[in-house]
Amino acid sequence: MPMDPGDIERLIKESLPDAVVSIQDLAGDGDHYAAHVVSEAFRGKTRVQQHQMVYQALQGRMGGELHALALQTAIPETA
């Protein structure tokens, strides 16, 4: 069963409350998404650790309800 982009965003924000999340459905099938996640929680973490934090927020749905997620993570820019 496909996953709603709003559910993906909600799960990420529950785990990373300050996150700015944008989700794009890549194939129109509800299974292949791109996500851009910006969070202060990523500061000092490697890119792999940042991605692990997002995957953990998805609570095991990767590979099941959510088939593919092209993920970009970043820390907020300071002025």
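Things worth noting here:
- Along principal axes, Cα extents of the chain, largest first, whole Å: 40, 23, 19
- Rolling a 1.4 angstrom probe over the chain with all protein chains present gives an accessible area of which 51% lies on carbon and sulfur atoms.
- Bridge type composition, the stretch 1-76 - antiparallel percent by DSSP, nearest 5: 45 percent
- The chain - accessible surface per residue (Å², probe 1.4 Å): 60 Å²
- Those GluC sites (Glu not before Pro) in the chain that DSSP places in a loop and that have at most 11 other beta carbons within 10 Å: GLU77
- Relative contact order for the chain: 34 percent, from Cα pairs under 8 Å spaced at least 6 residues apart, divided by residue count.
The values are calculated or read from the model by the stated rules, or taken from the named source; none is laboratory data. Computed from a predicted model, the values in this text were never measured in an experiment. Here the Cβ is made from the backbone with ideal geometry for all residues, glycine too, and neighbour counts use every protein chain on show. The protein model used for the area step is the full one, side chains on, heavy atoms only, and it has no ligands, DNA or RNA in it. Shrake-Rupley method; radii C 1.70, N 1.55, O 1.52, S 1.80 Å.
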